[in-house]
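Notes follow once the structure below has been shown.
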Amino acid sequence: MTATPTVTENESSARVERLSSASLRRVIEPELEVTGTLTEPQVLPDELLSTAELDLVLDDTQRATLSREELASIVRFGILFEAVLISGFGYQLALSADVTDPRFTYALHELGEETRHSRLFVRLVEQLAPTQRNPMESGLALRIRSRMLPLLLRRPATLDAFVLAGEEIPDLFQKLAAEHPDTDDYVREVSRYHRQEEARHLAFARTTVGEHYRATSWTDRFAIRWIVPLGIVGMFDFMVQPLVYRTVGLPALRTWRRVRRQPGRVALRRQCARAVLQALVDGGVFRHGRIPLLWRRVAGVGRDGAAES
């Protein structure tokens with residue numbers, strides 16, 4: 001894990017202006033340009049199912065069902081996360097003291113792009129037609145989210161860190177799906193489209209997280225150190241929520257616990273955490289030799305940020 005020098009505010013502004021220019025060059029309306037439909041009963045290959053390393057006996061129909069239910073869970077989570085991101089940007093724009101700041105302009109670009117992504121994801125969920133019950137839509141979950149969301153929106157550095165996590169995790173899943181030859185063609189097309197624009201969103205969050213951290217409150221700094229790493233674990237593990245497994249006759253919680261402990265899943269989770277940690281190091285939030293304990297455990301790294309075997 002390498003460190004980069006902290007850039008000046010002018011350099012950051014120039015970088016953000018380039019991101020805005022890139023957003024202008026290619027505006028993709030998904031209803032017009034990503035218009036395919038699912039063509040395969042099994043939309044994800046066996047190797048990309050969350051149960052890939054478990055010794056389960058599933059027939060073709062069950063594997064096809066599980067692939068659709070897992071993808072629907074991931075996409076639903078993406079829609080929810082992008083709604084949180086949109087709320088965060090809207091809150092920051094409403095409190096902005098300078099509407100001519102390049103960050104203000106790029107946030108408007110990102111809002112437009114995220115709403116387009118969400119419209120596409122809604123269409124994909126409709127095609128997948130999941131039968132799972134989503135615990136994130138329960139009354140208790142809604143009450144918890146209504147309490148937690150205002151706390152997050154008032155902590156810009158924490159929001160940036162969660163943006164990085166919320167982009168890195170699906171980006172990894174979509175990269176694997178887009179590169180696998182047995183992924184449904186439409187799923188591959190959606191994955192490639194989304195990754196193309198999310199690359200700019202990641203670059204923006206990497207630019208602003210250090211700026212926000214240096215000017216923020218102690219509670220925001222505390223959350224970056226102790227809450228965000230736990231949030232990464234929760235976000236990764238609940239992308240495929242437990243009740244998905246019940247749709248193919250598997251015990252929900254027992255299967256979910258086995259899934260999250262698989263060496264391959266642990267390695268992917270750590271890969272996502274390391275990507276977020278690297279962005280925080282690059283932004284001057286953390287320093288080599290002083291990586292916080294919880295981050296070390298979640299990312300599987302030492303004090304210097306190097307991966308441990």
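The values are calculated or read from the model by the stated rules, or taken from the named source; none is laboratory data. In this text the structure is predicted, and so the values were computed from the model without any measurement. For neighbour counting, all protein chains shown are included, and Cβ atoms are generated from backbone atoms with ideal geometry for every residue, glycine included. Areas reflect the complete protein model, heavy atoms only, side chains present, ligands, DNA and RNA absent. Shrake-Rupley method; radii C 1.70, N 1.55, O 1.52, S 1.80 Å.
Among the conditions (1) open to solvent by less than 30 Å² (accessible area, probe 1.4 Å); (2) closer than 21 Å to residue 123 by Cβ, residue 168 misses just one, which is (2). For residue 282, the stated conditions do not hold, so it cannot be described as among the charged types (D, E, K, R), touching a Lys or Arg at 6+ places or on another chain (Cβ under 8 Å), crowded, with 16+ Cβ neighbours inside 10 Å and closer than 16 Å to residue 162 by Cβ.
Scanning region 120-129 turns up no residue that is more than 26 Å from residue 244 (Cα to Cα) and among the charged types (D, E, K, R).
Selection of first residues in region 107-134 that are farther than 11 Å from residue 73 by Cα and of second residues that are polar (S, T, N, Q) and not in a helix (DSSP H, G or I), restricted to Cβ pairs under 8 Å at least 6 apart or on distinct chains, gives the following pairs, ordered by first then second residue: 127/37.
All but one of (1) open to solvent by 50 Å² or more (accessible area, probe 1.4 Å); (2) part of a helix (DSSP H, G or I); (3) not basic (Lys, Arg) hold for residue 39, so report the exception by its number. Condition (2) is where residue 39 drops out.
Mind telling me which of the residues 64, 52 ends up being aliphatic (A, V, I, L, M) and either in a helix (DSSP H, G or I) or open to solvent by less than 20 Å² (accessible area, probe 1.4 Å) (or both)?
Numbers: 52 fails: either in a helix (DSSP H, G or I) or open to solvent by less than 20 Å² (accessible area, probe 1.4 Å) (or both).
So the residue among 64, 52 that is aliphatic (A, V, I, L, M) and either in a helix (DSSP H, G or I) or open to solvent by less than 20 Å² (accessible area, probe 1.4 Å) (or both) is 64.
Listed conditions (1) part of a helix (DSSP H, G or I); (2) more than 23 Å from residue 16 (Cα to Cα); (3) out of contact with any helix residue (DSSP H, G or I) (no Cβ under 7 Å at 6 or more places or on another chain); (4) open to solvent by 10 Å² or more (accessible area, probe 1.4 Å) are all met by residue 112, apart from (2). Being in contact (Cβ under 8 Å) with a residue 24 or more places away in the chain, within 21 Å of the chain's Cα centre (by Cα) and within 22 Å of residue 112 (Cα to Cα) is a condition met by at least one residue of region 55-75. Taking the criterion of being assigned to a helix (DSSP H, G or I) and surrounded by 19 or more Cβ atoms within 10 Å (Cβ to Cβ), the residues of region 172-187 that qualify are 173, 174, 177, 187. Among the residues making up region 152-191, those that are in contact with a Cys (Cβ under 9 Å, 6 or more places away or on another chain), among the hydrophobic types (A, V, I, L, M, F, W, C) and closer than 26 Å to residue 37 by Cα are 169, 172. The residues of region 219-230 that are open to solvent by 20 Å² or more (accessible area, probe 1.4 Å) and not basic (Lys, Arg), listed by number, are 219, 222, 226, 227, 230.
In the set (1) in contact with an Asp or Glu (Cβ under 7 Å, 6 or more places away or on another chain); (2) farther than 25 Å from residue 152 by Cβ; (3) buried (at least 17 other Cβ atoms within 10 Å of the Cβ), the condition left unmet by residue 69 is number (1). Checking 72, 83 one by one, the residue that is modelled with pLDDT of 95 or more and among the small types (Gly, Ala, Ser) is 72 and no other.
Counting only helices (runs of 4 or more DSSP H) that sit completely within region 201-309, those holding 3 or more residues that are farther than 25 Å from residue 150 by Cβ and touching a Phe, Trp or Tyr at 6+ places or on another chain (Cβ under 8 Å) correspond to 252-261, 263-282. Can you name every residue in region 195-217 that is surrounded by fewer than 18 Cβ atoms within 10 Å (Cβ to Cβ), free of Cβ contacts under 8 Å to residues at least 60 places away in the same chain and under 11 Å from residue 157 (Cβ atoms)? The answer is 215, and nothing else. Checked across region 240-247, the condition of being in contact with a strand residue (DSSP E or B) (Cβ under 9 Å, 6 or more places away or on another chain) and either open to solvent by less than 10 Å² (accessible area, probe 1.4 Å) or without any contact (Cβ under 8 Å) to a residue 60 or more places away in the chain (or both) holds for no residue.
Can residue 266 be described as surrounded by 20 or more Cβ atoms within 10 Å (Cβ to Cβ), within 21 Å of residue 307 (Cβ to Cβ) and at pLDDT 95 or above?
Working: surrounded by 20 or more Cβ atoms within 10 Å (Cβ to Cβ): no; within 21 Å of residue 307 (Cβ to Cβ): yes; at pLDDT 95 or above: yes.
Answer is no for this residue.
Remark: residue 15 matches the filter, which requires a residue to be in a helix (DSSP H, G or I) and open to solvent by 80 Å² or more (accessible area, probe 1.4 Å).
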